[in-house]
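Have a look at the structure below before the remarks.
The values are calculated or read from the model by the stated rules, or taken from the named source; none is laboratory data. Everything quoted here is computed from the prediction, not taken from an experiment. Cβ sites come from the backbone with ideal geometry, for glycine too, and all protein chains shown count toward neighbours. Heavy atoms of the whole protein, side chains included, go into the accessibility calculation; ligands, DNA and RNA do not. Shrake-Rupley method; radii C 1.70, N 1.55, O 1.52, S 1.80 Å.
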Amino acid sequence: MPKRQRHQQLSRLIEENPFITDRELTRQLKVSIQTIRLDRLELGIPELRERLKLMAERSYDSVRSLPLHEVIGDIVDLQLDRSGISIFEIREEHIFSRTGIARGHHVFAQANSLAVAVINDEIALTASADIRFVRQVKLGEKCIAKAFLRSAGKSKAKVEVFTYVGEEMVFQGHFIIYRSAGQHGIEEADERADRD
């Protein structure tokens, strides 16, 4: 493929999916990783980590429900009480050493903390979660979690989270989140739990 045509395709692929990795680009464009890096450099396109930072700086609301450092993964888009996206790379400390497979609680933690971060409230707590691991996540894979607020009342909200590696869904979760705006709702729920 001629260089100019490859540059156009590279630009288009990154525009369509800013989360695409250099490795995924090598597979799609059928060139070496060094060629991808040189092409990005020539086109002035930063590496994935820098693209994520740039997106994060300009495209999301501030998290209110928990400190940003407590969110698992990097938030790259957040619209309070609507939706959010985070990305989390599986590293050595997240896997079982014998298998190279990510421990499930890390994948869950990314989804759970994003579900809480979407809530536009000072205090938001997970009340329940109905989760499903669709497939194993491996060392070096990047988990992209997408959260959507499905309904919200005074005291609780329903948030759905889907986590993908590339185009493949690897995790799905339905979260019920208590909100402080309905602090009395939490107290009522506690009273009901005590009675049951």
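So is GLU89 closer than 29 Å to GLU160 by Cα and over 18 Å from the mean Cα position of the chain (by Cα) or not? First the steps, then the outcome.
Working: closer than 29 Å to GLU160 by Cα: yes; over 18 Å from the mean Cα position of the chain (by Cα): no.
So GLU89 does not fit the description; no.
For segment 54-69, how many residues are under 26 Å from GLU168 (Cα atoms) and either at pLDDT 85 or above or out of contact with any strand residue (DSSP E or B) (no Cβ under 8 Å at 6 or more places or on another chain) (or both)?
Step one: filter segment 54-69 for residues under 26 Å from GLU168 (Cα atoms), giving 54-56, 59-60.
Checking the rest, the ones that are also either at pLDDT 85 or above or out of contact with any strand residue (DSSP E or B) (no Cβ under 8 Å at 6 or more places or on another chain) (or both) come to 54.
Residues that pass the stated criteria total 1.
Can you name the residue in segment 82-107 that is assigned to a helix (DSSP H, G or I) and open to solvent by less than 70 Å² (accessible area, probe 1.4 Å) and is also nearest to ILE144 (Cα to Cα) among such residues? Break it down into steps so the answer makes sense when it comes.
So the first thing to find is which residues in segment 82-107 are assigned to a helix (DSSP H, G or I), and the list is 92-94, 104-107.
Next, from what is left, pick out any that are open to solvent by less than 70 Å² (accessible area, probe 1.4 Å): 94, 104, 106-107.
On the way: HIS94: 16, GLY104: 15, HIS106: 13, VAL107: 10 Å.
Looking at the filtered set, the residue picked out is VAL107.
Per-residue answers, yes or no, for (1) modelled with pLDDT of 95 or more; (2) touching a helix residue (DSSP H, G or I) at 6+ places or on another chain (Cβ under 8 Å); (3) farther than 19 Å from HIS69 by Cβ:
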| residue | (1), (2), (3) |
| --- | --- |
| ILE87 | no, yes, no |
| ALA115 | yes, no, no |
| PHE133 | yes, yes, yes |
| PHE148 | yes, no, yes |
| GLY153 | no, yes, yes |
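Pick from segment 1-42 the residues that are hydroxyl-bearing (Ser, Thr, Tyr) and farther than 17 Å from GLU167 by Cβ: which of them is surrounded by the most Cβ atoms within 10 Å (Cβ to Cβ)?
Of the residues in segment 1-42, the ones hydroxyl-bearing (Ser, Thr, Tyr) are 11, 21, 26, 32, 35.
Filter once more, so that each one left must be farther than 17 Å from GLU167 by Cβ: 11, 32, 35.
Numbers: SER11: 14, SER32: 10, THR35: 17.
Checking each candidate, the answer is THR35.
Which of the residues that make up segment 167-186 are modelled with pLDDT under 95 and either part of a helix (DSSP H, G or I) or open to solvent by less than 30 Å² (accessible area, probe 1.4 Å) (or both)?
Selection gives ARG179, SER180, ALA181, GLY182, GLN183, HIS184, GLY185, ILE186.
Within segment 120-127, is there a residue that is closer than 18 Å to SER62 by Cα, out of contact with any Lys or Arg (no Cβ under 8 Å at 6 or more places or on another chain), open to solvent by 20 Å² or more (accessible area, probe 1.4 Å) and hydrophobic (A, V, I, L, M, F, W, C)?
Taking segment 120-127 and keeping what is closer than 18 Å to SER62 by Cα, we get 120-125.
With out of contact with any Lys or Arg (no Cβ under 8 Å at 6 or more places or on another chain) added as a condition, the list becomes 125.
After this cut, where a residue has to be open to solvent by 20 Å² or more (accessible area, probe 1.4 Å) as well, the list is 125.
Still in the list and also hydrophobic (A, V, I, L, M, F, W, C): 125.
Checked segment 120-127: at least one residue is closer than 18 Å to SER62 by Cα, out of contact with any Lys or Arg (no Cβ under 8 Å at 6 or more places or on another chain), open to solvent by 20 Å² or more (accessible area, probe 1.4 Å) and hydrophobic (A, V, I, L, M, F, W, C).
Taking segment 128-138 only, how many residues are part of a strand (DSSP E or B) and open to solvent by 60 Å² or more (accessible area, probe 1.4 Å)? Break it down into steps so the answer makes sense when it comes.
Of the residues in segment 128-138, the ones part of a strand (DSSP E or B) are 128-133, 138.
When the remaining residues are screened for being open to solvent by 60 Å² or more (accessible area, probe 1.4 Å), the result is 130-133, 138.
Number satisfying all stated conditions: 5.
Which condition does LEU139 not pass, out of (1) within 23 Å of GLN79 (Cα to Cα); (2) at pLDDT below 95, if it passes all the others?
Against the list (1) within 23 Å of GLN79 (Cα to Cα); (2) at pLDDT below 95, LEU139 comes up short only on (1).
For segment 153-166, enumerate the residues that are crowded, with 19+ Cβ neighbours inside 10 Å and closer than 16 Å to GLN79 by Cβ.
ALA157, VAL159, VAL161
How about segment 9-41: which of its residues are assigned to a helix (DSSP H, G or I) and either among the polar types (S, T, N, Q) or touching a Phe, Trp or Tyr at 6+ places or on another chain (Cβ under 9 Å) (or both)? I'd like the intermediate steps shown before the answer.
First, pick out the residues of segment 9-41 that are assigned to a helix (DSSP H, G or I): 9-16, 22-29, 33-41.
Passing the criteria: GLN9, SER11, THR26, GLN28, GLN34, THR35.
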